[in-house]
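Structure record follows, encoded as structure tokens.
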Amino acid sequence: MPEGIQGRALEGHVALVTGAGRRIGREIALELGRAGASVIVNYNRSRREALAAVQDIRSYGADALASRADVARPVEVRRMFRAVEERFGKLDLLVNNAAIFFREPWDRLTEKQWDQILGVNLKGPFFCAQQAARLMQRKGGGQIINISSLGGLQAWPDSMHYCSSKAGLIMLTRCLAAALAPDIRVNSIAPGMILFPGEKRSPLTKNVIRSTPLRKAGGPEDIARMVLHLACHGDFITGQVFPVDGGKSIP
């Protein structure tokens with residue numbers, strides 16, 4: 001969102017974005033930095049990209065820190081949140097964005113693949129939320145935004161492991177919202193088809209776009225702007241799922 005609309009609305013706030021070295025997570029981190037928030041850029045393998053995101057955020061006049069942690073490993077999650085408290089003393093916003101996606105027919109899906117995708121996409125957000133909520137509760141409250149997916153609302157037969165993880169994340173959002181109210185708000189954003197600059201459109205992508213009411217794909221900025229909107233204007237919103245999908249989820 002242009003700076004003239006939101007300005008530095010998050011000045012003095014601290015935000016942690018998981019999986020923020022690349023793609024949607026990076027765009028979210030940059031958007032929050034442009035709004036004045038200090039941003040912890042979490043990454044697992046994308047160290048170079050995370051450090052570049054930190055430099056970009058600092059160029060906006062906001063503080064930033066890269067923090068490596070595999071969110072599927074609670075011990076690493078706890079270590080990351082200890083570092084956040086030591087550096088910033090508080091946390092106002094957690095964006096659970098880290099996720100993995102791959103297609104695999106149900107009859108070839110292995111236990112390892114199932115555990116891998118549930119570990120990052122569902123187990124990780126829970127343990128990040130657990131640590132974030134403890135820190136937020138000590139400091140007066142905050143907000144958690146879970147990046148789910150259209151796949152959590154619809155059935156994709158060749159991605160049922162992914163759909164299950166994202167559907168679980170949507171229910172986790174609702175459960176956390178009920179458990180953490182009134183001091184911590186918890187919502188979810190469900191992206192539809194998102195394309196990045198230079199990305200080629202496969203036949204599947206073209207089919208999805210044709211069946212989307214707005215007849216186009218979104219960009220990472222669409223998700224980042226929705227995060228910013230909730231961060232700045234979500235005082236009376238909790239436990240909700242917001243599809244950002246060009247109307248694809250319309251029944």
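What follows draws every value from the coordinates through simple rules; no lab data is involved. Given the structure is predicted, the values throughout are model-derived calculations rather than measurements. Glycine also receives a Cβ, built like all others from the backbone with ideal geometry; neighbour counts cover every protein chain displayed.
What to note about this one:
- Between helix 47-59 and the chain: long-axis angle, C-alpha atoms, 0 to 90°, nearest 10: 50
- Rg(Cα) / (2.2 N^0.38 Å) computed for the stretch 1-150, rounded to two decimals: 1.05
- Toward the positive end of the charge dipole of the chain, with +1 on the Cβ of Lys and Arg and -1 on the Cβ of Asp and Glu, the farthest Cα among 36, 238, 55 is that of 55.
- Histogrammed with a bin width of 10 Å, the alpha carbon distances of the stretch 146-220 distribute as 18, 39, 30, 12, 2 percent, first bin at zero.
- Angle between the chain longest axis and helix 220-233 axis [Cα atoms, degrees, rounded to 10]: 50
- Cα-based reach from residue 112 at 17 Å (exclusive), listing aspartates and glutamates while leaving out same-chain residues under 8 positions away: 70, 104, 158
- Neighbourhood net charge (12 Å Cβ-Cβ; Lys/Arg +1, Asp/Glu -1) for residue 83: +2
- Charge dipole of the stretch 7-243 (Cα centre as origin; +1 on each Lys and Arg Cβ, -1 on each Asp and Glu Cβ, all else neutral): 340 debye, rounded to the nearest 20.
- Degrees between helix 23-34 axis and first principal axis of the chain (Cα, 0 to 90, nearest 10): 30
- Net charge of Cβ neighbours under 14 Å - reference residue 243; Lys, Arg +1; Asp, Glu -1: 0
- When the charge dipole of the chain is built from unit charges on Cβ atoms (+1 for Lys and Arg, -1 for Asp and Glu) and taken about the Cα centre, the candidate among 116, 220, 98 whose Cα reaches farthest toward its positive end is 116.
- Of all aspartates and glutamates in the structure, the ones whose alpha carbon falls short of 19 Å from that of residue 139, not counting any fewer than 8 places away in one chain, are 11, 85, 86, 92, 183, 235.
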